[in-house]
Amino acid sequence: MLDVGLSMHMLELEITTKCNLNCLHCYNRENKNLDMDVDEIIKYINFANKNNVHTFTISGGEAALHPEFKKICEYLKNNRNKLDGIKKVTLQTNGYIKNIDLKKLKGFDYIHLSFDIDENGARIINSKNTITLAKDLQKLEIKPYLFTTVHKKNVKHIDEIVKIANDNNVPIAFNFCIDTGKDKDFLLSEEEKVYAIQKLLNYEKQGKINKLKHPYVNSYKKMSLADDEKFKIKGGCTAGIASCSILANGDVIPCPFVRVKAGNIHEEQLEKIWLESDLFRQIRDRKSYEVCGDCRYLAYCGGCRRSALQSSNKINGYDYNCIKRVSKTADLLISKESSA
């Protein structure tokens, strides 16, 4: 096993495909019923520690529905102090953890709680219950944060969502609904994306939300390098470059959204897949990206590879959902709202 040099900053394990919800905008709406073996989960916790993976995430499905979830929690709780190669251990959950003893979650550094307004058109949620759960975690000195996916049904409710989080002193982060080919009714228009980015960056400056992370944000902020350096990777899409995910069946994919197999941990070592996969090599060669490869913001953006795959049918294709295609009509949306 390689001890250094992987440059894998984020590793996510989707430990189960089971979920108690059926969110209409979810990128992982599978009907399968698979669970990752608990020994494999522990193996990759230790892998992340040995290889200094900055952020290790456990997700699903709904992770708490894994039949050995309590055992996983117990392992982390008992060994977290020894796992000093990992800076952040995160659990992603839709809130189902309310059904277990929350003290068992003390091995996690952060609990990512899916959040939205109650009438959101995508999923069933009770925002008050989620806030109560977040406060219960805080009482146990476990750090929760709300996580909202901005989509067409809630984009005009960003102020309301931020206010709920701030009024209850719970941190909140945002992402944008990504084109998966199954969620067209929830996709933001280019103008709505820019509108949301403008609004959220303003909240970020005020310290009211966590840092806004998305390739489009970097291009909106005009982060770029000189032409002779633009092929260096400084930020943007991390899929297959600084991060990867392992599915319950062992498939290794670039990120939770890019559900294209780079290899399988039951067939070859994760290190070999990470370093030698043709898929990952292709993704890391940003200069080969169609249209994006000539963009001045390439070093800090690279587009969204899931969006590029969906819109151009190529992992290195053009991301047709890029906000740089947008006219200034998005600025008008902000102006109209401000004057209303």
**Asked** On the given criteria, is Cys237 in contact (Cβ under 8 Å) with a residue 60 or more places away in the chain and crowded, with 21+ Cβ neighbours inside 10 Å?
**Response** yes
**Prompt:** Is there a residue in segment 163-181 that is assigned to a loop (DSSP other than H, G, I, E, B), in contact (Cβ under 8 Å) with a residue 24 or more places away in the chain, more than 27 Å from Gln138 (Cα to Cα) and hydroxyl-bearing (Ser, Thr, Tyr)?
**Reply:** yes
**Item:** Phe176 being in contact with a Leu (Cβ under 9 Å, 6 or more places away or on another chain), open to solvent by less than 70 Å² (accessible area, probe 1.4 Å) and at pLDDT below 95
**Value:** yes
**Prompt:** Quick check, is Ala242 of a type in the set (Gly, Ala, Ser), open to solvent by less than 30 Å² (accessible area, probe 1.4 Å), farther than 26 Å from Ser312 by Cα and at pLDDT 95 or above?
**Reply:** no
**Message:** Just to be sure I understand the filter: pairs with C-beta atoms under 8 Å, separated by 6 or more residues or on different chains, first member in segment 196-224 and among the aliphatic types (A, V, I, L, M), second member open to solvent by 60 Å² or more (accessible area, probe 1.4 Å) and part of a loop (DSSP other than H, G, I, E, B). Which pairs pass?
**Reply:** Leu201/Lys221; Met223/Lys234
**Item:** Selection status of Leu34, at pLDDT below 95 and either open to solvent by 30 Å² or more (accessible area, probe 1.4 Å) or closer than 22 Å to Met8 by Cα (or both)
**Value:** yes
**Message:** Looking at (1) outside any loop (DSSP other than H, G, I, E, B); (2) open to solvent by 10 Å² or more (accessible area, probe 1.4 Å); (3) closer than 25 Å to Pro256 by Cα, which one does Thr132 not meet, given that it meets all the others?
**Reply:** (3)
**Asked** Can you name every residue in segment 41-59 that is free of Cβ contacts under 8 Å to residues at least 60 places away in the same chain, under 20 Å from the mean Cα position of the chain (by Cα) and closer than 17 Å to Gly250 by Cα?
**Response** Ile41, Ile45, Ala48, Phe56, Thr57, Ile58
**Request:** May I ask you to list the residues in segment 138-160 that are touching a His at 6+ places or on another chain (Cβ under 9 Å), basic (Lys, Arg) and in a strand (DSSP E or B)?
**Result:** none
**Complete:** Filtering segment 78-98 down to residues that are in contact with a helix residue (DSSP H, G or I) (Cβ under 7 Å, 6 or more places away or on another chain) and assigned to a helix (DSSP H, G or I) yields Tyr96, Ile97, Lys98
**Message:** Taking the condition of being within 26 Å of Tyr216 (Cα to Cα) and part of a helix (DSSP H, G or I), how many residues in segment 265-302 meet it?
**Reply:** 17
**Prompt:** Applying the selection to segment 48-77, what residues are surrounded by fewer than 21 Cβ atoms within 10 Å (Cβ to Cβ), out of contact with any Ser or Thr (no Cβ under 6 Å at 6 or more places or on another chain) and in a helix (DSSP H, G or I)?
**Reply:** Asn49, Lys50, Lys70, Lys71, Glu74, Tyr75, Lys77
**Condition check for Ile125: touching a residue at least 40 places away in the same chain (Cβ under 8 Å) and of a type outside the set (D, E, K, R)** = no
**Message:** Need the failing condition index for Val258 against (1) over 17 Å from the mean Cα position of the chain (by Cα); (2) of a type outside the set (Asp, Glu); (3) open to solvent by less than 40 Å² (accessible area, probe 1.4 Å), just the number.
**Reply:** (1)
**Residue that is at pLDDT 95 or above and within 22 Å of the chain's Cα centre (by Cα), where the choices are Val252, Val217** = Val252
**Message:** I need a count of the residues in segment 307-322 that are open to solvent by 30 Å² or more (accessible area, probe 1.4 Å) and not polar (S, T, N, Q).
**Reply:** 4
**Filter result (in contact (Cβ under 8 Å) with a residue 60 or more places away in the chain and loosely packed, with under 14 Cβ neighbours inside 10 Å) within segment 225-234** = Asp227, Glu229, Lys232
**Top-ranked residue in segment 286-306 [being aromatic (Phe, Trp, Tyr) and touching a Ser or Thr at 6+ places or on another chain (Cβ under 9 Å); ranked as most open to solvent (accessible area, probe 1.4 Å)]** = Tyr300
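The values are calculated or read from the model by the stated rules, or taken from the named source; none is laboratory data. In this text the structure is predicted, and so the values were computed from the model without any measurement. Cβ coordinates were reconstructed from backbone atoms using ideal geometry, including for glycine residues, and neighbour counts include every protein chain displayed. The area values use the complete protein model at the heavy-atom level, side chains included, leaving out ligands, DNA and RNA. Shrake-Rupley method; radii C 1.70, N 1.55, O 1.52, S 1.80 Å.
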